[in-house]
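Reading through the structure tokens given below for one structure.
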Amino acid sequence: MRIHYRRRVPQKPTGIQYRVNEQIMSPEVRVIDDEGKFLGVLPIARALTIAREREYDLVEVSPKETPPVCRLLDYGAFKYQKDKEYRTQKAHAKKVEVKGIRLSVKMGAHDLDVRLQQALAFLEEGQKLKIEIIMRGREKAHAELAVKRIQDFIHDIGSKYTLYTEQEVKRQGGNVSAIIGRKS
């Protein structure tokens, strides 16, 4: 029996990749020293010798400039700081979920009010809403009732918040659904 080894898929790099020292391709660079002073436009060989003399790395911080801007700094500390910033941005990023509210064509007024309160609570938190009706049996012959029920429900929510429609009310097989969100 043959042993199967899984192939390792290389991980995608996170954040921006910076060129360091010999990786810099440009023949001339603008050099900023470790104290933030502009040293001028220098050939890459001269910039590298200055970096080695001061025991720093030459890091290309702005590659799209002509010529690129490089700084003299400790690359390990710089990379650690940038990774830390990336992680904090990712942690503070707002994650929007799509919350589901399921209605029925035969639903009573009280049940509809309960669903309305749930929908308002979800929108208050900044979530999107997927409002859906799953039709059963003979209800499928009267899809216009389900569309009307969802439109009325959206209108009731619209009296409290200004909404935007991400997906119009549409029928997909035995389901009628719409996706809405609250404008900030």
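The values are calculated or read from the model by the stated rules, or taken from the named source; none is laboratory data. Just so it is clear, the structure is predicted and the values come from calculations on it, not from any experiment. Note that we place each Cβ from the backbone using ideal geometry, even for glycine, and neighbour counts take in every protein chain shown.
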Among the residues of the range 43-60, count how many are out of contact with any Asp or Glu (no Cβ under 8 Å at 6 or more places or on another chain), in contact (Cβ under 8 Å) with a residue 12 or more places away in the chain and either not in a helix (DSSP H, G or I) or not assigned by TED's automatic domain parsing to the domain that holds residue 77 (or both).
-> 3
Test for residue 101: is it more than 22 Å from the chain's Cα centre (by Cα), assigned to a helix (DSSP H, G or I) and not hydroxyl-bearing (Ser, Thr, Tyr) = no
Could you tell me whether any residue of the range 30-50 is more than 30 Å from residue 134 (Cα to Cα), modelled with pLDDT under 90, surrounded by fewer than 16 Cβ atoms within 10 Å (Cβ to Cβ) and within 27 Å of the chain's Cα centre (by Cα)?
-> no
Residue under evaluation residue 133, criteria (1) at pLDDT 90 or above; (2) in a helix (DSSP H, G or I); (3) of a type outside the set (S, T, N, Q), criterion not met | (2)
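Here is a list: 105, 69. Which entry is in the same structural domain as residue 153 (by TED's automatic domain parsing), among the β-branched types (Val, Ile, Thr), touching a strand residue (DSSP E or B) at 6+ places or on another chain (Cβ under 9 Å) and at pLDDT 90 or above? Show your work before the answer.
Numbers: 69 fails: in the same structural domain as residue 153 (by TED's automatic domain parsing).
One residue alone meets the criteria, 105.
Could you say which residue among 139, 125 is modelled with pLDDT under 90 and more than 12 Å from residue 98 (Cα to Cα)? Break it down stepwise before answering.
Details: 125 fails: more than 12 Å from residue 98 (Cα to Cα).
Exactly one residue qualifies, and that residue is 139.
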Just to be sure, is residue 66 under 30 Å from residue 26 (Cα atoms) and of a type outside the set (A, V, I, L, M)?
-> yes
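Does residue 183 satisfy the condition of being surrounded by 13 or more Cβ atoms within 10 Å (Cβ to Cβ), of a type in the set (Lys, Arg) and at pLDDT below 95?
Numbers: surrounded by 13 or more Cβ atoms within 10 Å (Cβ to Cβ): no; of a type in the set (Lys, Arg): yes; at pLDDT below 95: yes.
No; evaluated as a whole, the condition is false for this residue.
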Do you know which of the residues in the range 72-98 that are surrounded by 10 or more Cβ atoms within 10 Å (Cβ to Cβ) and assigned to a loop (DSSP other than H, G, I, E, B) is modelled with the lowest pLDDT?
-> 96
